[in-house]
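Structure, as C-alpha cells:
What follows draws every value from the coordinates through simple rules; no lab data is involved. In this text the structure is predicted, and so the values were computed from the model without any measurement. Because the Cβ atoms are built from the backbone with ideal geometry, glycine has one as well, and the counts that use them run over all protein chains shown.
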Amino acid sequence: MGRSNIMNELLARLAGPRSLEEGYGLSGRAQIALTVLGALLLAVAQPMIIEPLGETVVDPTGLSGALVFVGWVPFLIAVRGASVKRTFWLACLFLVTKYTVVLYWLIIAMHVFGHIPLVLSFLFLELLCFTIGTGLGATIGASQLMHRHYGVPFWVFFVLAFGGGEFIRNIGPLGGFPWGNDGAALATVPLLLQGASLVGVHGLVVLVLLVNVALAEVFAFVRKKRSAFPTAAVGLAGAGLLITIAWGAHRLSDEPEVVATIKVGLLQGNIDQGIKNKERFNKQHIAERLHALQAEAIKADVDVVVWPEAAVPGTLRLGSKNLRNTSVVDHRGPHRGLVPKAGIIGAAAYEGARDKKTGKYEVTALYNTALVTGPGLKLEGRFDKSHLVPFGEYVPWPFGPIVQQLVPGGRNTPGTSLVPVEVELGGRKTKVAATICYEGLFPEISRAFANQGAEIMFNVTNDAWYGVSSAAPQHFMAYAVRAAETGRPVARAANTGLSGWVDARGRVHDLSRLYTTTAHIVDVPIVAPETTPYMVVGEMPYALFWALGLLFWFIALAGPNFLRRPRSPVEKRIAGLGVGLMVLAHLLHWIVQPPDGDEALTTQHTVYFACGYLLAAGALSGRPWGRGAVMWVGGFAAVFCAVSTVMLVLQGGAAGEMVWALALSAAGAGLWWVAKRRKDHYQRPPETLLEMEAAAVPPAQS
C-alpha cells in the first residue's frame with residue numbers, strides 16, 4: 001500500500017462513516033445573531049463589574065460561571081453546515097465580541113491613565129481582540145476544513161484544535177495572554193473547579209467544549225439534522241462531567257491536614273494610579289500611607305507583611321543584605337524603626353556597575369520584583385517578574401527600535417528563577433513563592449513553584465490601572481484556579497484591591513473591597529503538601545492536542561492524496577524550504593537557543609515556524625491560496641529584512657548582521673517573484689476525500 005493510501009486509510013478510520021453535516025438553512029442575519037448571543041453568554045460567565053451598578057460583581061453567587069457550558073451552543077448551531085470561509089469569519093466575530101466585553105477595562109488603562117485618545121484606545125483593544133479572534137478562529141475554520149475534506153465530524157477536530165489553540169495562547173507570541181479562557185470561568189463554581197487539580201485549566205476548557213458540542217449535537221438530532229443519536233459526543237461529555245463532579249465532591253469533603261496557620265498582613269495602600277504615575281512628586285505621601293498600614297499590621301502581630309506590586313517609593317538598589325536602610329522602613333515619621341517579622345515586598349529594583357573607563361555608575365538591569373525578607377529585614381531571596389507586559393515593561397521583537405522612539409521605557413529584565421525561598425513564618429521554616437501582577441494567569445509558573453516544594457504562594461499586584469472594573473475580580477479568580485491546580489493556598493495583596501486569600505481547594509476568603517485603604521489581616525492555613533495529578537502531567541496533553549491539530553490541518557490544507565500528486569521541482573524545493581524552516585524553529589527553540597524567559601526569542605521562533613508551515617502547505621497544495629501563501633511569506637521576508645537592514649545601518653550595527661539581513665531580503669523577494677510567475681502551477685481544482693471515494697465507486701449494474 002502506498003504512502004498516500006496509508007494516509008487516506010488513517011483518515012478514513014478516524015472519520016468513521018463520512019458525510020457532510022446538514023445546516024439549518026439560517027439566514028446570514030440569524031447566524032450573526034446566534035454568534036453574538038453565544039459570545040455574550042461566554043463573556044458574562046466571567047466575573048463582571050459594571051460600575052454604574054456598584055463596585056461588586058454583578059453575580060455574587062458566582063453560578064454564572066456555569067454559563068460556559070451553554071455559551072458555545074448558539075455559535076455551533078450557526079456554523080453547522082457553513083462553508084470554511086463563513087465559519088472562520090463567524091468564529092472571529094464570536095471571539096472578538098466575547099473578548100471585547102471581557103477586556104473592556106483595558107480602555108480605562110489606556111485612556112484614563114495612559115492618556116491615549118479614546119478612539120485609539122478602543123482601536124488598540126479591538127486589535128488585541130482581533131488577534132485573539134483570528135488565531136483561535138483559525139482552529140475553528142480548520143475544523144470545518146477537516147470536516148469538508150475528510151468527513152471528520154466537525155466537533156471532533158473542534159475540541160482537539162481549539163483545546164490546543166488555548167494552550168498556545170497561554171505561551172504564544174509576546175509571552176502569551178491567557179486571560180478570560182472558559183476554564184477560568186469555573187473558578188466561581190468550587191465543585192467544578194476541583195477538576196483543575198486533575199487536568200489543569202486547559203482540561204476544564206476541553207470539558208466545556210465537550211459539553212457544548214454534546215448539547216449542539218443533541219439539538220441537531222432533535223431537529224433531524226443528523227440521523228443517529230450523538231452517542232460519542234454525549235458519552236464523552238457525560239463521562240467528563242460526571243468524573244469532574246465526583247472528583248470535586250471528593251476533594252471538597254477531604255480537607256487537607258493543616259500543619260500551621262500564619263497571620264498575614266496584606267497592605268492595600270489604595271494609591272490612585274494618577275498619583276503613582278507622578279511618584280517623584282508623591283513619594284512622601286505614598287511612604288506615609290504604607291508605613292502606617294505596615295505599623296498597623298505589625299501591632300496586630302502578623303507573621304508576614306505583604307506590600308503590593310512596586311509599592312515601595314522609588315527604585316531600590318540590589319546588593320544589600322537587608323532593607324533596613326531603605327524606604328521600606330519609616331526613618332522619620334511616627335512609625336520609625338518598626339520592622340516586620342517577615343515580608344514580601346513589591347518593589348522596582350535595579351542592578352548596576354561602575355564603568356571602568358568613565359567611572360560613571362550605569363544601571364545594567366531593572367526588575368519588577370518581590371523581595372522576601374526575614375527577621376531584621378534580612379533579604380532571604382527575591383522573585384523577579386518573568387512574564388513582562390509587552391510594550392509596558394519590554395518592547396517585543398521586532399518593534400523595539402521604532403517603539404522605543406515613540407514610547408520611552410520598556411527596559412525591564414525578565415526573571416528566570418522559579419525556586420521557592422525558605423523563610424521563618426509563625427515559628428517554622430516555610431517555603432514561599434511569589435508571582436507579580438498577571439504572572440498568576442500562567443499555570444506553568446505556579447506548577448513549577450509547587451513542584452519545587454512551595455507551601456504557600458503570594459501574589460502582589462497593582463490593578464489601579466483598571467479603575468472600578470471587571471479586571472480586579474477576573475484577575476483575583478485566576479488565583480483560585482492556581483490554588484486548586486496545585487493544592488496550595490494563595491494570599492494576594494493588591495494596591496487598590498481586591499486583596500484576600502484562597503485556600504488549597506480554590507475557595508475565596510476574606511476578600512477586601514475595591515478602593516479601600518486597609519491593612520487586611522487574614523489567617524492563612526498552611527496544609528500538608530500534596531502532589532496533584534495536574535502537577536505531574538502538566539500541559540503535556542494540550543501540547544499534544546496542538547501538535548495533532550497542526551498535523552491534520554496541514555493534511556487538510558495540502559489536500560487528499562498530496563503525497564502521490566505530481567509537482568514540479570520548484571514546488572518541491574519550496575516545500576522542502578518550508579519543512580526546513582519548521583525544523584529549524586524547533587531546533588532553535590529547544591536546543592540551540594532556548595528562550596529562557598526571553599519572549600523576543602519565542603516570538604522569533606514562532607514566526608519562523610509559521611512561515612515554514614505556510615510555505616510547505618502552500619507549495620504542496622497546488623491551489624491558488626497556496627501560491628498566495630508563498631508570495632506572502634516571500635514579501636514579508638523581503639520587506640521585514642530590508643527594514644531591518646536600514647535600522648542596523650542607522651544604529652551602527654555589525655557589518656555581518658547587515659549582510660545577512662540584506663541576503664534574506666533578497667531571498668524573500670526572489671521567492672515572491674518565483675511564486676508570482678508560476679500561476680499555472682497552482683490551479684489544481686479543490687478535491688475532498690469524499691469526492692475521491694465517490695469517484696472510485698463503480699457504477700451500479702442495471
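Divide by every residue of the chain the summed helix terms, -39500 (n - 2.57) for each DSSP H run of at least 4, and state the resulting mean residue ellipticity at 222 nm, rounded to the nearest 500 deg cm²/dmol.
Values: 22 runs with 350 residues, N = 702.
Calculated at 222 nm, the ellipticity per residue is -16500 deg cm²/dmol.
Evaluate Rg over Rh across the stretch 307-454, taking Cα atoms for both radii and Kirkwood's formula for Rh.
Details: Rg = 17.0 Å, Rh = 16.9 Å.
Result: Rg/Rh = 1.01.
How big, on average over all directions, is the shadow cast by the Cα convex hull of the stretch 559-690, in nm²? Can you show the working numbers first?
Values: hull surface 38.4 nm².
Over all viewing directions, the stretch 559-690 projects a mean Cα-hull area of 9.6 nm².
Just grab the label-to-label distance for Gln651 and Ala30, each label 7 Å out from Cα along the Cβ direction, in nm (one decimal).
Label-label distance for Gln651 and Ala30, simple model: 5.6 nm.
What's the exposure ranking of Thr531, Thr244, going from fewest to most Cβ atoms within 10 Å? Could you put the intermediate results ahead of the total?
Numbers: Thr531 11, Thr244 23.
Least crowded to most crowded, the residues run Thr531, Thr244.
When you count, for each residue, the other Cβ atoms within 10 Å and take the mean per peptide, how do 498-509, 412-423, 381-392 rank with the highest first? The partial results should precede the final answer.
On the way: 498-509: 23.2, 412-423: 18.2, 381-392: 20.9.
My ranking of the peptides, most packed first, is 498-509, 381-392, 412-423.
In whole angstrom, note down how far apart the Cα centers of the stretch 132-146 and the stretch 590-613 are.
22 Å
With r defined as the distance between the Cβ atoms of His250 and Trp673 and R0 fixed at 60 Å, what FRET efficiency is calculated, to the nearest 0.05? Display every interim value, and only then the final one.
Values: r = 64 Å, r/R0 = 1.07.
Plugging the Cβ-Cβ distance into 1/(1 + (r/R0)^6) gives 0.40.
Taking the structure as given and computing Cα extents along the principal axes in Å, which label from (i) 135, 73, 46; (ii) 92, 84, 47; (iii) 103, 66, 46 fits?
Correct label, based on the coordinates given: (iii).
Over the alpha carbons of the stretch 41-85, what is the largest minus smallest coordinate on each principal axis, giving the biggest first in Å?
Taking the Cα atoms of the stretch 41-85, the three principal extents are 44, 19, 10 Å.
So how far apart, in nm, are the two label points at Ser227 and Leu563 if each is 7 Å from Cα heading toward Cβ?
Taking the two extended label points, one gets 3.1 nm.
Each residue of the stretch 150-164 in order: what ³J(HN,Hα) in whole Hz does its phi give by Karplus 6.51 cos²θ - 1.76 cosθ + 1.60, θ = phi - 60°, with x for Gly and Pro?
10, x, 5, x, 3, 5, 4, 6, 4, 5, 5, 6, 5, x, x
List, in order, the whole-Hz ³J(HN,Hα) value for each residue of the stretch 132-138 obtained from phi through the Karplus relation with A = 6.51, B = -1.76, C = 1.60 and θ = phi - 60°; use x for Gly and Pro.
Once θ is set to phi - 60°, the couplings for the stretch 132-138 become 5, x, 6, x, 6, x, 4 Hz.
Nearest 0.05, what FRET efficiency do Glu687 and Ile116 give at R0 = 51 Å with Cβ-Cβ as r?
Working: r = 49 Å, r/R0 = 0.97.
After rounding to 0.05, the efficiency reads 0.55.
How would you rank 477-490, 625-638, highest first, on the average number of other Cβ atoms within 10 Å across their residues? Write down the numbers at each step before the final one.
On the way: 477-490: 27.4, 625-638: 20.5.
So the order, starting with the most tightly packed, is 477-490, 625-638.
With each pseudo-label sitting 7 Å past Cα toward Cβ, what's the Lys360-Ile50 distance in nm, one decimal?
5.6 nm
Please turn the phi angles of the stretch 213-226 into ³J(HN,Hα) values with the Karplus equation 6.51 cos²θ - 1.76 cosθ + 1.60 (θ = phi - 60°), one per residue in order, whole Hz, x for glycine and proline.
Along the stretch 213-226, the couplings run 5, 5, 5, 5, 6, 5, 4, 5, 5, 4, 7, 6, 9, 8 Hz.
Taking 0.36 nm per intervening residue step and subtracting the Cα-Cα distance, what contour gain separates Asp59 from Val643 on full extension?
Working: separation 584, 0.36 × 584 = 210.24 nm, distance 5.07 nm.
Result for the pair: 205.2 nm of gain on full extension.
Just how far, in whole angstrom, is the stretch 504-525 from the stretch 224-243 if you go by their alpha carbon centroids?
Using only Cα atoms, the two centres lie 41 Å from each other.
By per-residue mean of other Cβ atoms within 10 Å, what is the highest-first order of 675-687, 538-550? Mind showing how you got there, number by number?
Details: 675-687: 14.0, 538-550: 17.7.
Per-residue mean Cβ counts within 10 Å order the peptides as 538-550, 675-687.
His586 to Leu127: FRET efficiency via 1/(1 + (r/R0)^6), r the Cβ-Cβ distance, R0 35 Å, to the nearest 0.05?
Once rounded, the FRET efficiency stands at 0.75.
What is the extension gain from Phe281 to Asp596, computed as 0.36 nm multiplied by their sequence separation minus the C-alpha to C-alpha distance, in nm to one decimal? If you can, show how the numbers build up before the last one.
Numbers: separation 315, 0.36 × 315 = 113.40 nm, distance 3.73 nm.
Stretched out fully, the Phe281 to Asp596 stretch lengthens by 109.7 nm.
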